[in-house]
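Have a look at the structure below, then the notes.
The values are calculated or read from the model by the stated rules, or taken from the named source; none is laboratory data. Please read all numbers here as calculations on a predicted model, not as lab measurements. For neighbour counting, all protein chains shown are included, and Cβ atoms are generated from backbone atoms with ideal geometry for every residue, glycine included.
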């Protein structure tokens, strides 16, 4: 049987030790995260909008879009996926409906923020309006393994907003939310203050590093001491774009794909195709166990390379 763990099981196993959770936006980025060994991924609303709509996160992604991509990612992944549902697509009833549908799509957790809407995402809702949404989400998730992350967009540089944001996070936790996030907390000093005001388990959002030295502004050890259990990070889309731009510029200049064949610093696969990274051999082996035949995977008549060595290779049954 498939062995995919729930997010709650992974957090219990980690015993409060903070770990990095990359943001993803499609099946390909999620698989790359999985291959690297990360135990959890987080569907970024902002990067999903770029990938699916070709524009920045301005509220154009709807529930049907999100439900579709969540189901695709979770059905082809061996690790749990956290889903950022932003403002929940409306009021409490919309949040209730969204949470139920995303649970059925396979989300391991949903992250609900207190913005008024995506066009006014820097303005936070009155506390009671947000807590009504939290109650709706808690009710929708009852009986499931899906966790609720309460997120505030309050500004930690504003003492009054910092206090209000932390108070509403604590109230959301009392109502049944499992984790708290203040998305604009970005420094160690702000994390210390949030930890003082929010004693429950927390997520640090978008960890940053010094662009000159690469030294992180907060380490996982520091965040663990402050009660943070996960730390989200955006790198997959930038890494993908950087790679596509690098190869694209060279291949365009040379009017050849020779550069792509000779430059494979991560996988070592000297080909124009990424198919072998998605383990076609395992799909065929599973099918052969049903058909009792020896079907071989080919692309335009060519056998693909073996799965690259040194990378996590989850069981195919966890990815179907």
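In region 60-80, what residues are surrounded by fewer than 16 Cβ atoms within 10 Å (Cβ to Cβ) and more than 24 Å from residue 313 (Cα to Cα)?
Once the filter is applied, which keeps residues that are surrounded by fewer than 16 Cβ atoms within 10 Å (Cβ to Cβ) and more than 24 Å from residue 313 (Cα to Cα), region 60-80 yields 60, 62, 64, 65, 68.
Only one of 241, 194 is touching a helix residue (DSSP H, G or I) at 6+ places or on another chain (Cβ under 9 Å) and at pLDDT 95 or above. Can you tell me which?
Numbers: 241 fails: touching a helix residue (DSSP H, G or I) at 6+ places or on another chain (Cβ under 9 Å).
Checking each option against the conditions leaves just 194.
What residue, among those in region 138-148 that are touching a residue at least 40 places away in the same chain (Cβ under 8 Å) and assigned to a helix (DSSP H, G or I), is surrounded by the fewest Cβ atoms within 10 Å (Cβ to Cβ)?
Across region 138-148, the extreme among qualifying residues is 139.
Among (1) buried (at least 22 other Cβ atoms within 10 Å of the Cβ); (2) within 23 Å of residue 200 (Cα to Cα); (3) touching a helix residue (DSSP H, G or I) at 6+ places or on another chain (Cβ under 7 Å), there is one condition residue 33 misses while meeting the rest; what is its number?
Result: residue 33 passes all but (2).
Anything in region 283-296 that is without any contact (Cβ under 8 Å) to a residue 24 or more places away in the chain and either part of a helix (DSSP H, G or I) or within 25 Å of residue 26 (Cα to Cα) (or both)? List them, or say none.
The answer is 284, 287, 288, 289, 290, 291.
Spot the failing condition for residue 179; the list is (1) surrounded by fewer than 18 Cβ atoms within 10 Å (Cβ to Cβ); (2) at pLDDT 95 or above; (3) closer than 18 Å to residue 17 by Cβ, and only one is missed.
(1)
State yes or no: is residue 55 assigned by TED's automatic domain parsing to the domain that holds residue 207 and buried (at least 16 other Cβ atoms within 10 Å of the Cβ)?
Spelling it out, it is not the case that residue 55 is assigned by TED's automatic domain parsing to the domain that holds residue 207 and buried (at least 16 other Cβ atoms within 10 Å of the Cβ).
Which one is surrounded by the most Cβ atoms within 10 Å (Cβ to Cβ) among residues in region 217-238 that are free of Cβ contacts under 8 Å to residues at least 60 places away in the same chain and within 20 Å of the chain's Cα centre (by Cα)?
Once the filter is applied, the top-ranked residue is 218.
Where in region 4-66 are there helices (runs of 4 or more DSSP H), lying wholly inside it, with at least 1 residues that are modelled with pLDDT of 95 or more and more than 11 Å from the chain's Cα centre (by Cα)?
On the way: elements: 7-14, 27-36, 45-53.
Of the helices (runs of 4 or more DSSP H) lying wholly inside region 4-66, those with at least 1 residues that are modelled with pLDDT of 95 or more and more than 11 Å from the chain's Cα centre (by Cα) span 7-14, 27-36.
Please go through region 99-115 and pick out each residue that is under 15 Å from residue 81 (Cα atoms) and buried (at least 24 other Cβ atoms within 10 Å of the Cβ).
Correct list: 99, 102, 107, 108, 109, 110, 111, 112.
From the list 174, 151, exactly one residue is assigned to a helix (DSSP H, G or I) and in the same structural domain as residue 94 (by TED's automatic domain parsing). Which is it?
Of the residues listed, the single one that is assigned to a helix (DSSP H, G or I) and in the same structural domain as residue 94 (by TED's automatic domain parsing) is 174.
Can you tell me which condition residue 186 does not meet? The list is (1) touching a helix residue (DSSP H, G or I) at 6+ places or on another chain (Cβ under 8 Å); (2) free of Cβ contacts under 8 Å to residues at least 40 places away in the same chain; (3) buried (at least 16 other Cβ atoms within 10 Å of the Cβ), and all the others hold.
Unmet for residue 186, out of (1) touching a helix residue (DSSP H, G or I) at 6+ places or on another chain (Cβ under 8 Å); (2) free of Cβ contacts under 8 Å to residues at least 40 places away in the same chain; (3) buried (at least 16 other Cβ atoms within 10 Å of the Cβ): (1).
For region 81-91, indicate whether the set of residues that are free of Cβ contacts under 8 Å to residues at least 60 places away in the same chain, buried (at least 18 other Cβ atoms within 10 Å of the Cβ), at negative phi and part of a helix (DSSP H, G or I) is non-empty.
no
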